[in-house]
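**Q** Just dropping this structure here.
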Amino acid sequence: MSPSRELQLSVTARSPLAEIFVIDDQFALVDRSIGDLDCRVSPGVYKVKAKLADATYERLILLDEDTSLDLSGELVMGSAVPISPAGSISPEGPISPEGPTSPTVPAGPAGSAGSAGSAGSAPEPSLRGDELPHEQSTRSITGLDSAQILLMTRADTQSSEAPALPAAISLHQLDGTTIAALDPADEPDTGGRAQTIDVDPGAYLVRRRDRMGDVIEQSVYAVAGWQTQLFAIEASGADATIGSSRVSVLMAQHRFTPNDPELPLVEAARTALADERKVASEALVELLEETDNPMLGLFGAHLMLISRDAQLTQREDAGAGRLSERAIAAPVEFDQSRFDLIVDRLAAVLGSEHPDILALSTQRSDQDVRALQPISAPPMLWRSWVLLIAASNHAPELVPISVWQQTVHVLPLRPFFLWSPADQDTELTRTWAQDIANSLSARAPEPQAEVFWGDAGSQLASSAPALDEEARRRVSEELLMPRAAIDRLADGDRL
């Protein structure tokens, strides 16, 4: 064969979020792409690698003729969502056939959201993957004032180890008042439980407790005419902890539909955001401009920002001569005008006051963050919180201290913004608070005043430093602490 001869290699994973790599026999990257890959290569041995969400597949191939590969059947993602086997996601431990029912219950007052909707009169069928009756699953919940939250928790029954009990899960008002609670530990013979709750539109807290007693919180938002769906699955085994739980959040204008063809894409986007992967290709952006799925829009908008930041870093590295000559960048380009349009579409569905929309709005072109209204509850996504904290250095009132105090004990479980409840008096609380004082003191060793934590006035540290503007900004972003709290501590006031 002539050394100059080239062959056509085509690879598809049938997803706009799949990453495909071609590596030669010298372990050098030949080409990479997002979605489908088409390239010309010389005859030889190559490794083709594909990644989609948490699924990875590799294959060695000998190329001596034009070749086409379809790897979609090899990339089976895991998910807390019990998606129909017809989709590309493997449900990790479906709910048992005897199955839990999901009655609609009254929510009671919903804090700032007002009072809840009325209870339904009949229980829904069990939610069991593709066995959920289609007529029931697609029943519209739309209405001018109605909103719903679906909670589902289940155990990972596909593990070879003894299955863990599903995590307990409950829905709360922002002040902590319990609205509804599921504790599958009370029924250990089932694979999990689900419940649908009628609520007023607004912000709520979901609290989960694992079999070890660890507790985790996150915010969810009910939107008029939509059902917000939270799914939690806990890993099996003696070492299972809250950190090994997996959680997904979906939104739909109908009851949960396990064979919804868009679910695999939403779950792939969620996992890509958790890993902060640079996959915001042209194909994904086109989908974001057309989709009516709020969660896909939120995940995708943040993926666009990740690609933007990666582009900036790459240009800086190229300018400084730090890029390898053989480096091949992912084919993504950030378009500010298209990003602005996507944020506007999301705001039309979720509301401009939604904390995740406010966070994305800080990145719109010509946005004056001082004109944005303060958030009233934590956002759903980790990266939204990071954006809000950064913006609070220009508009300190954007993130009130009271909202931050709910989320002091942040947990590194992305892409959602998760924390341990602030009312738990743990060693973590004391250690974290002391770290703040130490960090402030390290930047300005001259004591100015005493630092206090909480209304009771318990002393946190012996002194608070006088920090300049840049130092306060750095502390704020490093500790994910809003500027209002930094200013108050640095000025010697109580939080």
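**Q** Looking at Val279, is it part of a loop (DSSP other than H, G, I, E, B), modelled with pLDDT of 90 or more and hydrophobic (A, V, I, L, M, F, W, C)? If you could, list the steps in order and put the result at the bottom.
**A** On the way: part of a loop (DSSP other than H, G, I, E, B): yes; modelled with pLDDT of 90 or more: yes; hydrophobic (A, V, I, L, M, F, W, C): yes.
For Val279, the condition - part of a loop (DSSP other than H, G, I, E, B), modelled with pLDDT of 90 or more and hydrophobic (A, V, I, L, M, F, W, C) - is met.
**Q** Count, please, the residues in segment 370-406 that happen to be over 19 Å from Leu298 (Cα atoms) and among the aliphatic types (A, V, I, L, M).
**A** Summing the residues that are over 19 Å from Leu298 (Cα atoms) and among the aliphatic types (A, V, I, L, M) in segment 370-406 gives 6.
**Q** List pairs: first in segment 301-323 and assigned to a helix (DSSP H, G or I) and crowded, with 19+ Cβ neighbours inside 10 Å, second at pLDDT below 90 and hydrophobic (A, V, I, L, M, F, W, C), Cβ under 6 Å, 6+ apart or cross-chain?
**A** Ser307/Val332
**Q** What are the pairs, 6+ residues apart or on separate chains, where a residue within segment 12-25 that is of a type in the set (A, V, I, L, M) has its Cβ under 6 Å from a residue that is assigned to a loop (DSSP other than H, G, I, E, B) and open to solvent by less than 10 Å² (accessible area, probe 1.4 Å)?
**A** Listed by first residue and then by second, the contacts come to Ala13/Leu71; Ala13/Leu75; Leu17/Val279.
**Q** Now for a different question. Counting only residues that are open to solvent by 10 Å² or more (accessible area, probe 1.4 Å) and among the β-branched types (Val, Ile, Thr), which one in segment 393-411 is modelled with the lowest pLDDT?
**A** Here the residue is Val410.
**Q** With polar (S, T, N, Q) and under 26 Å from the mean Cα position of the chain (by Cα) as the only criterion, which of Ser68, Ser10, Ser15, Ser42 stands out?
**A** Values: Ser68 fails: under 26 Å from the mean Cα position of the chain (by Cα); Ser10 fails: under 26 Å from the mean Cα position of the chain (by Cα); Ser42 fails: under 26 Å from the mean Cα position of the chain (by Cα).
Going through Ser68, Ser10, Ser15, Ser42 in turn, the sole match is Ser15.
**Q** Within the bounds of segment 242-249, is there any residue that is at pLDDT below 95, surrounded by fewer than 20 Cβ atoms within 10 Å (Cβ to Cβ) and small (Gly, Ala, Ser)?
**A** yes
**Q** I need the full set of residues from segment 50-69 which are open to solvent by less than 70 Å² (accessible area, probe 1.4 Å) and not in a loop (DSSP other than H, G, I, E, B), in order please. It would help to see each step written out before you state the result.
**A** Of the residues in segment 50-69, the ones open to solvent by less than 70 Å² (accessible area, probe 1.4 Å) are 50-53, 55, 57, 61, 63, 67, 69.
Matches in segment 50-69: Ala50, Lys51, Leu52, Ala55, Tyr57, Ile61, Leu63, Thr67, Leu69.
**Q** Could you pull out every one of the strands (runs of 3 or more DSSP E) wholly within segment 1-49 that has 2 or more residues that are surrounded by fewer than 14 Cβ atoms within 10 Å (Cβ to Cβ)? Let's see the steps before the verdict.
**A** Numbers: elements: 7-12, 19-23, 29-34, 37-41.
In segment 1-49, 7-12, 37-41 are the strands (runs of 3 or more DSSP E) which contain 2 or more residues that are surrounded by fewer than 14 Cβ atoms within 10 Å (Cβ to Cβ).
**Q** Filter segment 74-86 down to the residues that are open to solvent by 30 Å² or more (accessible area, probe 1.4 Å) and farther than 19 Å from Ser33 by Cβ, then identify the one that is modelled with the highest pLDDT.
**A** Taking segment 74-86 and keeping what is open to solvent by 30 Å² or more (accessible area, probe 1.4 Å), we get 74, 76, 85-86.
So of that shortlist, the ones also farther than 19 Å from Ser33 by Cβ come out as 76, 85-86.
Numbers: Val76: 86, Pro85: 58, Ala86: 49.
Restricting to residues being open to solvent by 30 Å² or more (accessible area, probe 1.4 Å) and farther than 19 Å from Ser33 by Cβ, the top hit is Val76.
So that you can scan it fast, the table gives a plain yes or no per residue for (1) among the aromatic types (Phe, Trp, Tyr); (2) open to solvent by 40 Å² or more (accessible area, probe 1.4 Å); (3) closer than 23 Å to Leu17 by Cβ; (4) not in a loop (DSSP other than H, G, I, E, B):
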residue: Glu333; (1), (2), (3), (4): no, yes, yes, no
residue: Phe339; (1), (2), (3), (4): yes, no, yes, yes
residue: Leu346; (1), (2), (3), (4): no, no, yes, yes
residue: Pro374; (1), (2), (3), (4): no, yes, no, no
residue: Val386; (1), (2), (3), (4): no, yes, yes, yes
residue: Ile389; (1), (2), (3), (4): no, no, no, yes
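The values are calculated or read from the model by the stated rules, or taken from the named source; none is laboratory data. Since we're looking at a predicted model, the values are computed, not measured. Glycine gets a Cβ as well: all are built from the backbone with ideal geometry, and neighbour counts include every protein chain shown. The accessibility values were calculated without ligands, DNA or RNA, using every heavy atom of the protein model including side chains. Shrake-Rupley method; radii C 1.70, N 1.55, O 1.52, S 1.80 Å.
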